[in-house]
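Asks: The following block contains the structure, expressed as structure tokens.
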Amino acid sequence: MNAFLFDLNGTLIHDMDYHTQAWQQLLNEDLGGQFTREEVKHQMYGKNQEVLVRLFGPDRFSDEEMTRLAVEKEKRYQQTYRPHLRLLPGLPEFLARAHQRGIPMAIGSAAIPFNIDFVLDTLDIRRYFTAIVSADDVTISKPHPETFLKAAAQLGVAPASCLVFEDVPKGAEAALNAGMQAVILTTTHEPAEFAHLPNIRHFAPDYTDAFMQGLV
């Protein structure tokens, strides 16, 4: 593969439980919902505004309200997760070796820049990524391929030459729709949940996995 495209949450860092916690608190305690943890987890993909529309319908909030709620959710997530913020095991070495080999790398995430900056700058890894595609940069979220296609275009690499690192089925489906293969980090979902996707090359708990080591 000529380029690596990384999702952010659950792929570079193991933080999805903190996102679920922040969403559940906001949805239930602040907005009067009665959503279980599993319901929240199942709907927690794409832009924050899209999550709100899926769970409450298109008429509950104005665009301004959804923008405010989206930022409030991320503030709560960052506050609770900050003491635990760290890269997945083996990833610091993986990124350094890939960078040394001249493999172009990009972030392709449904996170807003506020969260991407939180991770890249706090952990001092921004230098590894030539391109960053956030929720603010796309019209249609994953599983639409726009995120990964834009990342590949910014790197100047053909989609078929990109390997995507993901942790959720919708993200892996976005890679499939972009004509890309994917490696799945099993931080969030079980391998069986990806059985319908033919583009999965490997499942790994983290970057110490032998297959991951073989990529760089």
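Asks: Can you find a residue in the stretch 57-70 that is hydroxyl-bearing (Ser, Thr, Tyr) and in contact with a Gly (Cβ under 8 Å, 6 or more places away or on another chain)? Give the derivation first.
Replies: Applying the first criterion (hydroxyl-bearing (Ser, Thr, Tyr)) to the stretch 57-70 yields 62, 67.
Add one more test, that the residue is in contact with a Gly (Cβ under 8 Å, 6 or more places away or on another chain), and what stays is none.
No, there is no match, as no residue in the stretch 57-70 is hydroxyl-bearing (Ser, Thr, Tyr) and in contact with a Gly (Cβ under 8 Å, 6 or more places away or on another chain).
Asks: Inside the stretch 166-186, can you point out the residues that are closer than 22 Å to Phe94 by Cα, touching a helix residue (DSSP H, G or I) at 6+ places or on another chain (Cβ under 9 Å) and at pLDDT 95 or above? Full working, then the answer.
Replies: Kept after step one, since they are closer than 22 Å to Phe94 by Cα, are these residues of the stretch 166-186: 166-168, 171-172, 175, 180-186.
With the extra rule that they be touching a helix residue (DSSP H, G or I) at 6+ places or on another chain (Cβ under 9 Å), the set shrinks to 166-168, 171-172, 175, 180-184.
Scanning the stretch 166-186 gives Glu166, Asp167, Gly171, Ala172, Ala175, Met180, Gln181, Ala182, Val183, Ile184.
Asks: Just to confirm my filter: which helices (runs of 4 or more DSSP H) fall fully inside the stretch 124-216 and include at least 3 residues that are open to solvent by 30 Å² or more (accessible area, probe 1.4 Å) and of a type outside the set (D, E, K, R)?
Replies: Result: 146-155, 210-215.
Asks: Now a separate question. Tell me which residues, restricted to the stretch 1-25, are farther than 22 Å from Pro89 by Cβ and outside any loop (DSSP other than H, G, I, E, B).
Replies: Ala3, Gln21, Ala22, Trp23, Gln24, Gln25
Asks: Can you find a residue that is open to solvent by less than 60 Å² (accessible area, probe 1.4 Å), outside any strand (DSSP E or B) and of a type in the set (Phe, Trp, Tyr) anywhere in the stretch 105-116? Walk me through it before giving the result.
Replies: Let us first name the residues in the stretch 105-116 that are open to solvent by less than 60 Å² (accessible area, probe 1.4 Å), namely 105-113, 115-116.
Cutting the leftovers down to outside any strand (DSSP E or B) gives us 109-113, 115-116.
Going one step further and asking which of them are of a type in the set (Phe, Trp, Tyr), we end up with none.
The answer is no, given that none of the residues of the stretch 105-116 is open to solvent by less than 60 Å² (accessible area, probe 1.4 Å), outside any strand (DSSP E or B) and of a type in the set (Phe, Trp, Tyr).
Asks: Can Asn28 be described as more than 28 Å from Phe94 (Cβ to Cβ) and touching a Lys or Arg at 6+ places or on another chain (Cβ under 9 Å)? Reasoning before the result, please.
Replies: On the way: more than 28 Å from Phe94 (Cβ to Cβ): yes; touching a Lys or Arg at 6+ places or on another chain (Cβ under 9 Å): no.
Taking the combined requirement at face value, the residue does not satisfy it.
Asks: Using the structure shown, decide if His19 is of a type outside the set (S, T, N, Q) and in contact (Cβ under 8 Å) with a residue 24 or more places away in the chain. Please lay out each step first, then the result.
Replies: Values: of a type outside the set (S, T, N, Q): yes; in contact (Cβ under 8 Å) with a residue 24 or more places away in the chain: yes.
In short, yes.
The values are calculated or read from the model by the stated rules, or taken from the named source; none is laboratory data. What you see is a predicted model, and the numbers here were worked out from it, not measured in a lab. Cβ sites come from the backbone with ideal geometry, for glycine too, and all protein chains shown count toward neighbours. Calculation scope for accessible area: heavy atoms of the full protein, side chains included, ligands and nucleic acids excluded. Shrake-Rupley method; radii C 1.70, N 1.55, O 1.52, S 1.80 Å.
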